[in-house]
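See below for the structure under consideration.
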Amino acid sequence: SSLHLQTYTQRALRQKNPAAKLLLETIDRKQSNLAVSVDVASPKDFLAIIDAVGPFVCLIKATLLLRRLFSTHIDIIEDFTPALLEDLQALSTKHDFVIFEDRKFADIGNTVALQYSSGVHKIASWAHLTNAHCVPGPSVITGLSSVGLPLGRGLLLLAEMSTKGSLASGSYTEAAVQMAREHRDFVVGFIAQRRMDGVGTGPNETLEEEDFLILTPGVGLDVKGDAMGQQYRTPREVVLESGCDVIIVGRGIYGQDPSLVDSIAAQAIRYKEAGWAAYLARTQI
Ligand code: BMP
(Lines give C-alpha, C1' and ligand atoms only; values in the text may rest on other atoms or scores of the structure.)
Protein backbone atom coordinates (compact mmCIF):
# COMPACT_ATOMS: atom_id res chain seq x y z
CA SER A 1 0.00 0.00 0.00
CA SER A 2 1.29 3.44 -0.83
CA LEU A 3 -1.32 5.71 0.69
CA HIS A 4 1.37 7.81 2.32
CA LEU A 5 2.49 8.89 -1.14
CA GLN A 6 -0.82 10.72 -1.42
CA THR A 7 -1.19 14.24 -0.05
CA TYR A 8 -2.41 14.99 3.45
CA THR A 9 -5.49 16.56 1.80
CA GLN A 10 -6.39 13.36 -0.04
CA ARG A 11 -5.89 11.32 3.10
CA ALA A 12 -8.02 13.67 5.23
CA LEU A 13 -10.98 13.07 2.93
CA ARG A 14 -10.92 9.33 3.61
CA GLN A 15 -10.46 9.52 7.39
CA LYS A 16 -13.53 8.59 9.40
CA ASN A 17 -12.19 9.25 12.89
CA PRO A 18 -12.82 12.97 13.69
CA ALA A 19 -9.50 13.49 15.53
CA ALA A 20 -7.45 11.94 12.71
CA LYS A 21 -9.36 13.98 10.14
CA LEU A 22 -8.80 17.17 12.14
CA LEU A 23 -5.07 16.49 12.35
CA LEU A 24 -4.71 15.89 8.60
CA GLU A 25 -6.81 18.97 7.79
CA THR A 26 -4.75 21.08 10.18
CA ILE A 27 -1.49 19.85 8.62
CA ASP A 28 -2.87 20.79 5.23
CA ARG A 29 -4.25 24.19 6.28
CA LYS A 30 -1.07 25.27 8.06
CA GLN A 31 1.34 23.47 5.72
CA SER A 32 3.04 22.01 8.76
CA ASN A 33 3.72 18.43 9.82
CA LEU A 34 5.59 19.71 12.87
CA ALA A 35 4.45 18.79 16.39
CA VAL A 36 6.17 20.37 19.35
CA SER A 37 6.65 18.39 22.53
CA VAL A 38 6.59 20.75 25.48
CA ASP A 39 8.35 19.01 28.37
CA VAL A 40 9.06 21.78 30.83
CA ALA A 41 8.41 22.01 34.56
CA SER A 42 7.04 25.54 34.80
CA PRO A 43 3.46 26.33 33.68
CA LYS A 44 4.63 29.81 32.65
CA ASP A 45 7.30 28.40 30.29
CA PHE A 46 4.82 25.78 29.07
CA LEU A 47 2.32 28.41 27.90
CA ALA A 48 4.99 30.80 26.58
CA ILE A 49 6.55 28.09 24.39
CA ILE A 50 3.17 27.04 23.03
CA ASP A 51 2.26 30.64 22.23
CA ALA A 52 5.61 31.10 20.44
CA VAL A 53 5.48 27.93 18.31
CA GLY A 54 1.68 27.83 17.90
CA PRO A 55 1.53 29.48 14.46
CA PHE A 56 3.97 26.92 13.01
CA VAL A 57 2.67 23.60 14.32
CA CYS A 58 -0.14 21.18 13.52
CA LEU A 59 -0.08 19.68 17.00
CA ILE A 60 1.13 20.28 20.54
CA LYS A 61 2.18 17.29 22.58
CA ALA A 62 1.66 17.90 26.28
CA THR A 63 3.17 15.88 29.09
CA LEU A 64 3.72 18.32 31.91
CA LEU A 65 0.17 18.17 33.20
CA LEU A 66 0.36 14.59 34.30
CA ARG A 67 3.77 13.11 34.57
CA ARG A 68 5.55 15.98 36.20
CA LEU A 69 2.97 17.08 38.75
CA PHE A 70 1.22 13.91 39.79
CA SER A 71 2.14 10.31 40.28
CA THR A 72 0.29 7.22 39.10
CA HIS A 73 -3.35 6.86 40.11
CA ILE A 74 -3.56 10.24 41.82
CA ASP A 75 -5.05 11.34 38.53
CA ILE A 76 -8.14 9.28 39.29
CA ILE A 77 -9.11 11.58 42.18
CA GLU A 78 -11.95 13.93 41.21
CA ASP A 79 -12.36 17.60 42.09
CA PHE A 80 -9.68 19.85 40.61
CA THR A 81 -9.36 21.41 37.17
CA PRO A 82 -6.11 23.29 36.63
CA ALA A 83 -6.61 26.66 34.94
CA LEU A 84 -3.67 25.60 32.79
CA LEU A 85 -6.00 23.42 30.78
CA GLU A 86 -8.23 26.35 29.91
CA ASP A 87 -5.16 28.33 28.84
CA LEU A 88 -4.00 25.41 26.70
CA GLN A 89 -7.38 25.13 25.02
CA ALA A 90 -7.50 28.89 24.40
CA LEU A 91 -4.09 28.68 22.68
CA SER A 92 -5.29 25.70 20.65
CA THR A 93 -8.15 27.82 19.31
CA LYS A 94 -5.99 30.93 18.81
CA HIS A 95 -3.29 29.12 16.84
CA ASP A 96 -5.32 26.28 15.33
CA PHE A 97 -3.49 23.19 16.56
CA VAL A 98 -4.50 19.71 17.71
CA ILE A 99 -3.80 18.66 21.32
CA PHE A 100 -2.12 15.33 22.01
CA GLU A 101 -1.76 14.24 25.64
CA ASP A 102 1.22 11.90 25.79
CA ARG A 103 -0.25 9.91 28.69
CA LYS A 104 1.12 6.49 27.70
CA PHE A 105 -1.72 4.57 29.34
CA ALA A 106 -0.64 1.06 30.35
CA ASP A 107 -3.09 -0.52 32.79
CA ILE A 108 -6.18 -2.74 32.80
CA GLY A 109 -9.20 -1.51 30.84
CA ASN A 110 -11.22 -0.41 33.85
CA THR A 111 -8.37 1.64 35.33
CA VAL A 112 -7.40 3.37 32.09
CA ALA A 113 -11.06 4.26 31.46
CA LEU A 114 -11.12 6.02 34.85
CA GLN A 115 -7.78 7.72 34.29
CA TYR A 116 -8.92 8.94 30.88
CA SER A 117 -12.40 10.17 31.81
CA SER A 118 -12.13 11.30 35.40
CA GLY A 119 -9.55 12.40 37.89
CA VAL A 120 -7.87 15.76 38.08
CA HIS A 121 -7.31 16.08 34.37
CA LYS A 122 -10.32 14.61 32.57
CA ILE A 123 -8.01 14.04 29.61
CA ALA A 124 -10.77 12.85 27.31
CA SER A 125 -12.56 16.18 27.64
CA TRP A 126 -9.74 18.26 26.15
CA ALA A 127 -7.16 16.07 24.34
CA HIS A 128 -8.03 15.22 20.74
CA LEU A 129 -5.45 12.43 20.80
CA THR A 130 -3.82 10.35 23.49
CA ASN A 131 -1.65 7.22 23.45
CA ALA A 132 -1.19 3.84 25.11
CA HIS A 133 1.42 1.16 25.53
CA CYS A 134 0.40 -2.25 24.20
CA VAL A 135 1.73 -4.21 27.20
CA PRO A 136 -1.76 -4.88 28.71
CA GLY A 137 -3.08 -6.28 25.41
CA PRO A 138 -6.31 -5.30 23.59
CA SER A 139 -8.20 -4.46 26.82
CA VAL A 140 -6.30 -1.19 27.11
CA ILE A 141 -7.94 -0.15 23.84
CA THR A 142 -11.39 -1.39 24.87
CA GLY A 143 -11.18 0.60 28.10
CA LEU A 144 -10.03 3.84 26.47
CA SER A 145 -12.39 3.46 23.54
CA SER A 146 -15.42 3.20 25.85
CA VAL A 147 -14.65 6.78 26.91
CA GLY A 148 -13.01 8.35 23.86
CA LEU A 149 -14.95 7.01 20.91
CA PRO A 150 -18.27 8.69 21.84
CA LEU A 151 -16.34 11.98 22.18
CA GLY A 152 -14.74 11.68 18.75
CA ARG A 153 -11.25 11.19 20.16
CA GLY A 154 -8.43 9.10 18.69
CA LEU A 155 -5.77 6.79 20.10
CA LEU A 156 -2.16 6.19 19.04
CA LEU A 157 -0.44 2.96 20.06
CA LEU A 158 3.26 2.96 20.92
CA ALA A 159 4.55 0.44 18.37
CA GLU A 160 8.21 1.45 18.55
CA MET A 161 10.33 3.82 20.63
CA SER A 162 13.19 6.11 19.72
CA THR A 163 15.41 5.03 22.61
CA LYS A 164 18.55 2.91 22.42
CA GLY A 165 17.76 -0.70 23.39
CA SER A 166 13.97 -0.31 23.09
CA LEU A 167 12.07 -3.57 23.62
CA ALA A 168 9.28 -2.41 21.32
CA SER A 169 10.51 -4.11 18.15
CA GLY A 170 10.00 -7.27 16.10
CA SER A 171 7.04 -9.36 17.24
CA TYR A 172 6.01 -6.72 19.81
CA THR A 173 5.61 -4.15 17.04
CA GLU A 174 3.72 -6.67 14.90
CA ALA A 175 1.33 -7.38 17.78
CA ALA A 176 0.74 -3.65 18.23
CA VAL A 177 -0.24 -3.30 14.58
CA GLN A 178 -2.58 -6.30 14.83
CA MET A 179 -4.23 -4.77 17.90
CA ALA A 180 -4.75 -1.53 16.00
CA ARG A 181 -6.34 -3.34 13.04
CA GLU A 182 -8.97 -4.83 15.36
CA HIS A 183 -9.98 -1.35 16.56
CA ARG A 184 -9.74 0.73 13.45
CA ASP A 185 -12.48 3.18 14.51
CA PHE A 186 -10.57 4.43 17.57
CA VAL A 187 -6.90 3.59 16.91
CA VAL A 188 -5.83 6.12 14.30
CA GLY A 189 -2.14 5.31 14.17
CA PHE A 190 1.14 4.81 15.96
CA ILE A 191 3.99 6.40 17.76
CA ALA A 192 6.70 4.72 15.72
CA GLN A 193 9.87 5.25 13.74
CA ARG A 194 8.59 4.15 10.32
CA ARG A 195 5.52 3.42 8.24
CA MET A 196 3.66 0.29 9.45
CA ASP A 197 2.02 -0.82 6.18
CA GLY A 198 1.78 -4.58 5.99
CA VAL A 199 3.65 -5.15 9.28
CA GLY A 200 2.68 -8.50 10.79
CA THR A 201 0.99 -9.89 7.70
CA GLY A 202 2.05 -13.06 5.92
CA PRO A 203 3.75 -12.87 2.50
CA ASN A 204 0.59 -13.88 0.61
CA GLU A 205 -1.89 -12.04 2.77
CA THR A 206 -3.55 -9.03 1.21
CA LEU A 207 -4.88 -6.29 3.41
CA GLU A 208 -7.55 -3.75 2.83
CA GLU A 209 -5.81 -0.42 2.24
CA GLU A 210 -4.96 0.98 5.63
CA ASP A 211 -3.85 4.48 6.41
CA PHE A 212 -2.47 4.66 9.92
CA LEU A 213 -0.96 7.97 10.96
CA ILE A 214 2.65 7.73 12.09
CA LEU A 215 3.78 10.33 14.63
CA THR A 216 7.50 10.19 15.27
CA PRO A 217 9.56 11.48 18.18
CA GLY A 218 13.35 11.38 18.27
CA VAL A 219 13.82 14.15 15.71
CA GLY A 220 16.70 16.62 15.72
CA LEU A 221 18.68 18.60 13.15
CA ASP A 222 21.77 19.37 15.21
CA VAL A 223 22.63 16.40 17.42
CA LYS A 224 22.32 12.60 17.19
CA GLY A 225 21.08 11.95 20.73
CA ASP A 226 21.26 12.89 24.40
CA ALA A 227 23.08 11.40 27.40
CA MET A 228 20.09 9.25 28.40
CA GLY A 229 19.52 7.01 25.39
CA GLN A 230 17.43 9.29 23.18
CA GLN A 231 18.30 8.95 19.46
CA TYR A 232 17.60 11.65 16.87
CA ARG A 233 17.05 11.43 13.14
CA THR A 234 16.47 14.33 10.75
CA PRO A 235 13.04 15.31 9.38
CA ARG A 236 14.22 14.09 5.97
CA GLU A 237 15.12 10.64 7.30
CA VAL A 238 11.86 10.41 9.21
CA VAL A 239 9.38 11.74 6.66
CA LEU A 240 10.98 11.00 3.30
CA GLU A 241 12.94 7.81 3.98
CA SER A 242 10.78 6.19 6.70
CA GLY A 243 7.37 7.43 5.51
CA CYS A 244 6.27 8.99 8.82
CA ASP A 245 3.59 11.69 8.88
CA VAL A 246 4.34 14.02 11.80
CA ILE A 247 7.69 14.95 13.32
CA ILE A 248 7.64 15.47 17.09
CA VAL A 249 10.37 17.82 18.29
CA GLY A 250 11.08 18.91 21.85
CA ARG A 251 14.49 20.11 22.95
CA GLY A 252 15.60 20.72 19.36
CA ILE A 253 13.18 23.66 19.44
CA TYR A 254 13.10 25.00 22.98
CA GLY A 255 16.72 24.06 23.65
CA GLN A 256 18.56 24.93 26.79
CA ASP A 257 16.60 28.04 27.69
CA PRO A 258 12.80 27.77 27.49
CA SER A 259 12.44 31.50 28.14
CA LEU A 260 14.01 32.64 24.84
CA VAL A 261 10.77 33.05 22.92
CA ASP A 262 12.29 34.60 19.75
CA SER A 263 14.82 31.84 19.19
CA ILE A 264 12.14 29.24 19.91
CA ALA A 265 9.93 30.63 17.15
CA ALA A 266 12.91 30.70 14.78
CA GLN A 267 13.73 27.05 15.52
CA ALA A 268 10.09 26.07 15.03
CA ILE A 269 10.12 27.68 11.58
CA ARG A 270 13.34 25.85 10.74
CA TYR A 271 11.85 22.45 11.66
CA LYS A 272 8.53 23.25 10.01
CA GLU A 273 10.31 24.01 6.74
CA ALA A 274 12.48 20.89 6.95
CA GLY A 275 9.45 18.69 7.66
CA TRP A 276 7.43 20.20 4.83
CA ALA A 277 10.27 19.94 2.30
CA ALA A 278 10.63 16.24 3.15
CA TYR A 279 6.87 15.75 2.67
CA LEU A 280 6.92 17.52 -0.71
CA ALA A 281 9.85 15.38 -1.79
CA ARG A 282 7.93 12.25 -0.74
CA THR A 283 4.68 13.08 -2.50
CA GLN A 284 6.21 14.47 -5.68
CA ILE A 285 8.34 11.46 -6.57
P1 BMP B 1 12.97 15.56 22.72
O2 BMP B 1 12.75 15.97 21.26
O3 BMP B 1 13.27 16.73 23.60
O4 BMP B 1 13.95 14.44 22.84
O5 BMP B 1 11.56 15.01 23.27
C6 BMP B 1 10.95 13.88 22.75
C7 BMP B 1 9.59 13.68 23.37
O8 BMP B 1 8.97 12.54 22.78
C9 BMP B 1 9.57 13.44 24.87
O10 BMP B 1 8.39 14.00 25.39
C11 BMP B 1 9.50 11.93 24.99
O12 BMP B 1 8.82 11.54 26.17
C13 BMP B 1 8.70 11.55 23.78
N14 BMP B 1 8.99 10.21 23.20
C15 BMP B 1 10.24 9.89 22.69
O16 BMP B 1 11.17 10.71 22.71
N17 BMP B 1 10.44 8.64 22.12
C18 BMP B 1 9.45 7.70 22.05
O19 BMP B 1 9.68 6.63 21.51
C20 BMP B 1 8.19 8.02 22.58
C21 BMP B 1 7.98 9.27 23.15
O22 BMP B 1 6.78 9.59 23.63
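A compact table of results
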{"item": "Selected from Gly198, Gly229, Gly119 as most flexible by GNM, with the chain as the system and alpha-carbon contacts under 10 Å", "result": "Gly229"}
{"item": "The chain - share of DSSP beta bridges that are antiparallel (%, nearest 5)", "result": "5 percent"}
{"item": "Förster-model FRET efficiency, 25 Å R0, Arg29 and Ser146, C-beta, rounded to 0.05", "result": "0.20"}
{"item": "Mean accessible surface per residue for segment 88-192, computed with a 1.4 Å probe while every protein chain stays in place, in Å²", "result": "35 Å²"}
{"item": "Rounded, prolate or oblate (a/c below 1.5 giving rounded, otherwise prolate when a/b exceeds b/c) for segment 208-285 by Cα gyration tensor", "result": "prolate"}
{"item": "Extension gain from Tyr172 to Glu241, taking 0.36 nm per residue of separation minus the Cα-Cα distance", "result": "22.6 nm"}
{"item": "Whether the chain is rounded, prolate or oblate, judged on the alpha carbon gyration tensor where a/c under 1.5 counts as rounded", "result": "rounded"}
{"item": "For the chain, calculated [θ]222 nm from helices alone, where every DSSP H run of n ≥ 4 adds -39500 (n - 2.57)", "result": "-11000 deg cm²/dmol"}
{"item": "Set of aspartates and glutamates with alpha-carbon distance to Lys272 below 18 Å, sequence-local pairs under 8 removed", "result": "Glu25, Asp28, Asp51, Asp96, Asp222, Glu237, Glu241, Asp245, Asp262"}
{"item": "Accessible carbon and sulfur surface of the chain relative to its total accessible area, %, 1.4 Å", "result": "56 percent"}
{"item": "Pairwise FRET efficiency - Thr163 versus Ser139, Cβ, R0 = 25 Å, nearest 0.05", "result": "0.45"}
{"item": "Mean Cβ neighbour count within 10 Å, used as a protection proxy, ranking 256-268, 49-61, 177-189 highest first", "result": "49-61, 177-189, 256-268"}
{"item": "Solvent accessible area, Å² - Glu101, 1.4 Å probe, full protein context", "result": "0 Å²"}
{"item": "Quarter of the Cα convex hull surface for segment 113-245, i.e. its orientation-mean projected area (nm²)", "result": "9.4 nm²"}
{"item": "Length-normalised contact order for segment 214-274 - Cα pairs under 8 Å, 6+ apart - percent", "result": "33 percent"}
{"item": "Residue-wise HN-Hα coupling along segment 12-21, computed from phi with Karplus coefficients 6.51, -1.76, 1.60 (Hz; x: Gly, Pro)", "result": "4, 4, 8, 6, 9, 5, x, 5, 5, 4"}
{"item": "Relative contact order (%) - criterion: Cα under 8 Å, at least six apart; region: the chain", "result": "20 percent"}
{"item": "Under the Karplus curve 6.51 cos²θ - 1.76 cosθ + 1.60, θ = phi - 60°, whole-Hz ³J(HN,Hα) for segment 146-152, x wherever Gly or Pro sits", "result": "4, 9, x, 4, x, 8, x"}
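The values are calculated or read from the model by the stated rules, or taken from the named source; none is laboratory data. Since the model is a prediction, treat every value here as computed from it, not as a measurement. Reconstructed Cβ throughout: ideal geometry from the backbone, glycine too, with neighbour counts over all protein chains shown. Protein only, heavy atoms only, side chains kept; ligands, DNA and RNA dropped before computing areas. Shrake-Rupley method; radii C 1.70, N 1.55, O 1.52, S 1.80 Å.
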